[in-house]
Structures are given as C-alpha cells and as structure tokens.
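Okay, so here's the structure we're looking at.
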Amino acid sequence: MKKVLIFAVLLLVSVSALSQKSPVDDVFDRYSGKDGFTTVYISSKMFSILSGMDSEDKDFQNLVSRIKTIRILSENDSIIKPTGFGLELLRKLSSAGYEDLMLVKNESGEVRFMILEVKGRIAELVMVSGGKNSSLVSIIGDLDLKTIASISDKTGIEELRDLDKVEKKPED
C-alpha cells in the first residue's frame, strides 16, 4: 500500500510539472484569435516542405531542419487601448529562466531578444517588442547563435544579423 501511495504522489507531481505552460504559451493562449491581434503559426511540416524546395542550399536545409515552430503575435493598430502584453511577458520570462541576449531601442519603443537554453543549446528564441503596439516572435528548435544569424539572412530580420558574433556571458 505504501508503494502505491508513493507512486500516486510521484505521478501527480510529474503530471503537474508537465502541465505548466511557459509565459510565452500563456500570452499566445490569451490573445490568439482575439479581435485586434494577428497570430501566425508556422509548423515543422512547413519547414520540411521548404527544405525540399531549395535542395541545393545545404545551409538552408540545415536551418529549416533545426526549427520546430515559429509563432508570431502582433497587436494591430486598430486596438483602442493597447494591452502592453510585452512588458507583462518580459517580467515573467526572466523568472522562467529566459536570458537576455540583446536589446534594441529606438524612438518607437524597444525590441528585446531572450533565449531559453537547455543543455547548452538554445531551445527557444523570443523577440518581444514594446511601445505603442506589442509584438512577440517565438522560434523553437535546436538553435545556436549562428543558426539564428542565418535566419536573419534568409528572412531579412536585421536585428538578428550579428548574433553569430555575440559571445555568451560566462557563468558565475
């Protein structure tokens, strides 16, 4: 009986740990499909189709084979009262283990790049922009800074261009 009880407790703990969502998932769940928001979801299947289309470019094939998902959420200009989900999300990301990678500031707001590492590899790159309208880009896969910089070359996201030259801060 004692073994069954211990097993049941362990099962409940593991199920509850697996059911916890990341702060990024929470934001997508809350705003996706709502009036005033645009959501884009690109699955790994789309990337496998893309990799087959450009079979000559080995770098491109390597890039798309390592990306599992890209999700984009953007507040439209039509929103009368902006939600400011970007600021709320940034506070939660830091406490969930995401690390700052880069910050870009200009007159219209700021764009913050954060990463979530698992076993020394980048499991997720998050780009959060604030200002008048918030936007969020989440790239999930088996990434490194060179791969992310390559995404910039292929997509034209200039802020990602020099990430392959960024050196990670040493752990304290």
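The table that follows gives values for the structure above.
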item	result
When residues of the range 22-60 are limited to those that are polar (S, T, N, Q) and surrounded by fewer than 17 Cβ atoms within 10 Å (Cβ to Cβ), the one modelled with the lowest pLDDT	SER55
Among the residues listed as VAL118, VAL64, VAL137, the single one being modelled with pLDDT of 70 or more and surrounded by fewer than 17 Cβ atoms within 10 Å (Cβ to Cβ)	VAL118
Extreme residue, surrounded by the fewest Cβ atoms within 10 Å (Cβ to Cβ), among residues of the range 78-92 that are at pLDDT 80 or above and touching an Asp or Glu at 6+ places or on another chain (Cβ under 9 Å)	LYS92
Unique match (being of a type in the set (Asp, Glu), modelled with pLDDT of 70 or more and loosely packed, with under 15 Cβ neighbours inside 10 Å) among GLU75, GLU99	GLU99
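The values are calculated or read from the model by the stated rules, or taken from the named source; none is laboratory data. Not measured: the values here are computed from a predicted model. Don't worry about glycine lacking a Cβ; one is built from the backbone with ideal geometry, like all the others, and counts go over all protein chains shown.
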